[in-house]
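Below: one structure, written as structure tokens.
Bear in mind these aren't lab numbers, they're just calculated from the coordinates by the rules spelled out. These numbers come from a predicted model, not from an experiment. Please note: Cβ atoms are built from the backbone with ideal geometry, for glycine as well, and neighbour counts cover all protein chains shown.
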Amino acid sequence: MTNQKSFLYEWCAKNNLEPQFETKQAGTKFNSQFVCEVAISGHNYVGVGNSTNKRDAQENALKDYLLYLTRQGLVSADSI
């Protein structure tokens, strides 16, 4: 996750953008689910990831957003 997160922050810095992360918890204490959303101003897309822990939810949201950037031709798949 660190590499993906670092990559996104570096890409945002080069483009004078700032990523916004929001993580929400749903469910009970013993059966919780975390949903993380990643958004960048100027882009009409929100990367979404979920998991039973915050870290994996954030990683999944990062993967989703990086795939979006790849599909838009803003980053190459080889650079991620």
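Computed values, structure above
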item: Strands (runs of 3 or more DSSP E) wholly inside the range 18-80 containing at least 2 residues that are touching a Cys at 6+ places or on another chain (Cβ under 6 Å); result: 19-28
item: Count of the range 1-20 residues which are loosely packed, with under 15 Cβ neighbours inside 10 Å and in contact with a helix residue (DSSP H, G or I) (Cβ under 7 Å, 6 or more places away or on another chain); result: 2
item: Condition broken by E37, with the remaining ones in (1) of a type in the set (D, E); (2) exposed (fewer than 13 other Cβ atoms within 10 Å of the Cβ); (3) in contact (Cβ under 8 Å) with a residue 12 or more places away in the chain satisfied; result: (2)
item: Hey, N16 among the polar types (S, T, N, Q) and out of contact with any Phe, Trp or Tyr (no Cβ under 8 Å at 6 or more places or on another chain) or not; result: yes
item: Pair list, Cβ under 6 Å, 6 or more apart: the range 66-80 residue under 15 Å from N44 (Cβ atoms), other residue surrounded by 12 or more Cβ atoms within 10 Å (Cβ to Cβ); result: Y68/Y45; L69/V75
